[in-house]
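Here's the structure we're looking at; comments come further down.
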Amino acid sequence: MPKIREIAQICKSKNAGPFLVTIDILFEDPARYRAVKATGVITEALFAKLYGVKESDVLLTPYDSANAFKATLPRQVPAGGIGDTDVYGAQQHAPLLDVEVPINL
Amino acid sequence: MKEYRLLSTSGILGYGYAEESLKIGMERQPHVIGADAGSTDPGPFYLGNGTSFTSRLAVKRDLRLMLIAARAAKIPCIIGTSGGAGGEPHLEWQAEIVREIAREEKLSFKMALIHAEPDREDLVARAAAGLTRPLANMPELDADRIRRAKRIVAMMGPEPFIKALDAGAEVILAGRSSDPAQWAAAAIRAGMDPAPSWYAGKMLECGAEPTTPKEPDCLLVTIKDDYLICEPPNPIRRCTPLSVANFALHENSSPIHHVEPGGLLDTSKVSFDIETERAVRVSGMTWTPRPYTVKLEGVELAGFRAITICGTRDPVLISQIDSYLDTHRTKVQAKAAAFGVPADSYTMVVRTYGKDGVMADWEPIKQITSHELGFVIEVVAQDQDTANAVIAMARTSMLHADFPGRLCKEGNMAFPFSPSDIELGPMYQFSVFHTLAPKDPCELFPIEYETVRN
């Protein structure tokens with residue numbers, strides 16, 4: 001089964017303001033995006049499991065215009081706060097890369 | 001068909017751009033050039049400290065070329081969120097750089113400084129009148145929170161920019177402003193439709209970020225009736241539907257609803273289409289006016305911070321790192337208490353690189369195989385002397401503590417630097433993140449005009 005790192009063109013994270021981090025997965029090919037969306041693998045529950053957060057804390061929006069999924073989570077610590085590890089929130093995407101998606105390439 | 005062209009020079013003023021990109025961009029005869037100079041992204045420190053996260057040298061370089069180009073073409077040059085955070089010291093810092101460049105290059109122009117640091121007691125009165133609302137699970141804004149903040153800025157929409165342009169300003173330096181506002185302002189004032197004007201602002205706020213290869217550089221956006229075209233001047237870059245779509249998701253919690261001062265930009269039906277090999281057409285956005293609100297951003301002092309950096313290559317220690325760090329914490333507590341600093345008067349955090357230094361509790365990999373681990377120890381206390389004292393003890397304890405099976409009896413850690421302890425000074429935290437409903441979009445943002453003559 002292919003992994004997200006093998007089928008997506010972009011997988012990234014960034015702050016959405018100092019209290020949220022937002023994670024995007026983009027596909028260049030609309031057909032591939034639709035196929036991934038149809039598998040139902042990319043859900044709030046997936047993010048909850050990967051990041052150890054509550055499902056209700058995950059705002060997931062599939063964005064057909066951009067062939068993209070966007071998930072927004074509350075940051076563990078506000079940006080720049082005591083114990084923050086990632087002020088820009090730019091390195092929180094990696095757990096998604098090895099998620100397997102049951103599509104045929 | 002009406003057409004309006006806007007040239008953004010860089011992702012952040014001071015991040016740099018190719019001089020040739022500006023030249024090619026100017027050949028397209030933009031109606032306005034500018035750059036966004038700020039963001040909350042580098043964290044709360046810069047707003048609190050009144051300094052920029054960019055260097056004066058880099059900002060002056062970027063601004064010099066822009067001012068020369070704008071004056072030669074007789075078009076406005078607009079800088080949003082001056083000085084990185086858009087407070088009073090940031091705006092004054094930016095203005096001083098502009099005055100210096102003008103003297104050196106013998107430039108003359110009418111400059112507008114748009115202030116964005118509202119009077120505290122005025123804010124207290126507005127909060128008491130129920131005109132503020134919390135964002136992001138913040139508590140309600142009360143007088144105490146407002147007065148204790150180190151600095152509070154309000155984020156302006158397009159109206160103050162429009163007012164300054166109407167007054168004939170040729171160079172506009174704004175305090176804190178919504179990233180797309182400076183661009184939306186120029187386009188809306190020229191009679192363009194608000195929907196593509198706001199969308200153009202979203203594309204322009206970070207320069208060439210909607211291009212590939214994605215690096216700080218210039219971006220030209222052309223607004224035509226109900227759509228816009230994004231194109232990088234630099235021939236080594238191009239816009240593709242993927243590169244533009246990627247940027248459309250940038251730093252927003254929702255990809256489809258963008259709340260801006262005075263309205264909502266809905267992008268759920270947007271389409272990204274190839275216009276040329278290097279340009280993308282974006283269409284289908286809508287703008288719905290809403291009751292006018294501006295965002296308030298403020299920070300308060302959270303303490304004083306000191307850090308130290310070290311690493312271990314010892315496999316015996318690495319195999320028991322969790323218990324070692326637990327013991328280390330206990331030892332630091334006891335030793336600090338012995339010199340009069342109880343455990344509740346400071347916070348110590350140890351980040352372990354090679355384990356979970358990047359993701360902390362979100363890290364899904366619990367079993368590590370690293371042959372070396374890096375540590376950044378952070379101590380925050382109510383004063384710098386206490387933070388320095390605890391970090392010094394944390395450093396020695398990290399270096400010299402015993403552990404089961406220890407062979408490296410001269411020291412457990414490699415410290416790369418002397419001095420090993422780094423004083424980071426005051427630490428700020430975001431304490432105000434609220435909206436405020438003003439009576440007039442300009443009332444919080446006084447404009448000061450200055451004739452720069454050389």
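Looking for something over 22 Å from B:S21 (Cα atoms) and within 14 Å of chain A (Cβ to nearest Cβ) - is there at least one such residue anywhere in the range B:222-233?
Yes, the range B:222-233 has at least one match.
Restricted to the range A:61-85, and to residues that are in contact (Cβ under 8 Å) with a residue 12 or more places away in the chain and assigned to a loop (DSSP other than H, G, I, E, B), which residue is nearest to the other protein chains (Cβ to nearest Cβ)?
Applying the filter and picking the extreme gives A:G80.
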Out of (1) open to solvent by 30 Å² or more (accessible area, probe 1.4 Å); (2) within 7 Å of chain B (Cβ to nearest Cβ), what's the single condition that is false for A:N104? (2)
Going by the structure shown, is B:L407 among the hydrophobic types (A, V, I, L, M, F, W, C) and in a loop (DSSP other than H, G, I, E, B)? yes
Of B:G175, B:G201, the only residue that is within 20 Å of the chain's Cα centre (by Cα), buried (at least 24 other Cβ atoms within 10 Å of the Cβ), farther than 14 Å from B:E260 by Cα and of a type outside the set (A, V, I, L, M) is B:G175
Filter pass, B:A208 being open to solvent by less than 10 Å² (accessible area, probe 1.4 Å) and part of a loop (DSSP other than H, G, I, E, B): yes
Restricting the first residue to the range B:410-436 and requiring it to be within 12 Å of chain A (Cβ to nearest Cβ) and within 10 Å of B:I309 (Cα to Cα), which pairs with a second residue that is open to solvent by less than 30 Å² (accessible area, probe 1.4 Å) and part of a strand (DSSP E or B) meet a Cβ separation below 7 Å and a spacing of at least six or different chains? none
A:G17 vs (1) within 10 Å of another protein chain (Cβ to nearest Cβ); (2) at pLDDT 95 or above: all pass except (2)
Of the residues in the range A:20-45, those that are within 10 Å of chain B (Cβ to nearest Cβ) and free of Cβ contacts under 8 Å to residues at least 40 places away in the same chain come to A:E28, A:D29, A:P30
B:D166: surrounded by fewer than 24 Cβ atoms within 10 Å (Cβ to Cβ) and more than 17 Å from the chain's Cα centre (by Cα), yes or no? yes
Listed residues B:L13, B:L7, B:L63, B:L22; which is assigned to a helix (DSSP H, G or I), in contact with a strand residue (DSSP E or B) (Cβ under 9 Å, 6 or more places away or on another chain), buried (at least 24 other Cβ atoms within 10 Å of the Cβ) and on the phi < 0 side of the Ramachandran plot? B:L63
For B:A401: the one exception among (1) more than 24 Å from A:Q91 (Cβ to Cβ); (2) open to solvent by 70 Å² or more (accessible area, probe 1.4 Å); (3) at pLDDT below 95: (2)
Every residue from the range B:327-339 that is within 16 Å of B:V380 (Cα to Cα) and without any contact (Cβ under 8 Å) to a residue 24 or more places away in the chain: B:R329, B:Q333, B:A337
Identify all residues within the range A:80-101 that are open to solvent by less than 40 Å² (accessible area, probe 1.4 Å) and more than 19 Å from the chain's Cα centre (by Cα); write none if there are none. A:G80, A:G81, A:G83, A:D84
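Here's the yes/no breakdown for (1) over 22 Å from B:H90 (Cα atoms); (2) β-branched (V, I, T):
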{"site": "B:L113", "(1), (2)": "no, no"}
{"site": "B:D122", "(1), (2)": "no, no"}
{"site": "B:A129", "(1), (2)": "yes, no"}
{"site": "B:L135", "(1), (2)": "yes, no"}
{"site": "B:I146", "(1), (2)": "no, yes"}
{"site": "B:R151", "(1), (2)": "no, no"}
Can you tell me which residue is most open to solvent (accessible area, probe 1.4 Å) among those in the range A:66-79 that are at pLDDT 95 or above and in contact with a helix residue (DSSP H, G or I) (Cβ under 7 Å, 6 or more places away or on another chain)? A:P74
Under the condition of being in contact with a Ser or Thr (Cβ under 9 Å, 6 or more places away or on another chain) and open to solvent by 30 Å² or more (accessible area, probe 1.4 Å), which residue from the range A:13-42 is nearest to A:E100 (Cα to Cα)? A:E28
Tell me yes or no: at least one residue of the range B:33-42 is part of a helix (DSSP H, G or I) and either among the polar types (S, T, N, Q) or free of Cβ contacts under 8 Å to residues at least 60 places away in the same chain (or both). no
Given the conditions (1) open to solvent by less than 20 Å² (accessible area, probe 1.4 Å); (2) touching a residue at least 40 places away in the same chain (Cβ under 8 Å); (3) not basic (K, R), which single one is not true for A:V58? (2)
Just wondering, is there one or more residues in the range B:413-428 that are at pLDDT 95 or above, over 22 Å from B:F304 (Cα atoms) and assigned to a strand (DSSP E or B)? yes
Quick check on my filter: what residues within the range B:429-454 are surrounded by 15 or more Cβ atoms within 10 Å (Cβ to Cβ) and in a strand (DSSP E or B)? B:Q429, B:F430, B:S431, B:V432, B:F433, B:H434, B:T435, B:L436, B:I447, B:E450, B:V452
Consider B:F109 against the criteria (1) over 27 Å from the mean Cα position of the chain (by Cα); (2) open to solvent by 10 Å² or more (accessible area, probe 1.4 Å): it satisfies all of them except one. Which criterion is unmet? (2)
Assess whether B:V221 counts as being closer than 22 Å to B:A185 by Cα and part of a strand (DSSP E or B). yes
Filtering the range B:244-298 down to residues that are hydroxyl-bearing (S, T, Y) and either free of Cβ contacts under 8 Å to residues at least 24 places away in the same chain or not in a loop (DSSP other than H, G, I, E, B) (or both) yields B:S253, B:S254, B:S268, B:S271, B:T276, B:S283, B:T286, B:T288
Residues of the range B:344-365 that turn out to be assigned to a helix (DSSP H, G or I), within 9 Å of chain A (Cβ to nearest Cβ), on the phi < 0 side of the Ramachandran plot and surrounded by fewer than 19 Cβ atoms within 10 Å (Cβ to Cβ), as a count: 1
Is one or more of the residues making up the range B:262-271 of a type outside the set (A, V, I, L, M), open to solvent by 20 Å² or more (accessible area, probe 1.4 Å) and more than 13 Å from every other protein chain (Cβ to nearest Cβ)? no
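The values are calculated or read from the model by the stated rules, or taken from the named source; none is laboratory data. Bear in mind the structure is a predicted one, so any value in this text is a computation, not a measurement. Cβ: placed from backbone, ideal geometry, glycine included. Neighbour counts: every protein chain shown. These accessible areas exclude ligands, DNA and RNA; they are computed on the full protein's heavy atoms, side chains included. Shrake-Rupley method; radii C 1.70, N 1.55, O 1.52, S 1.80 Å.
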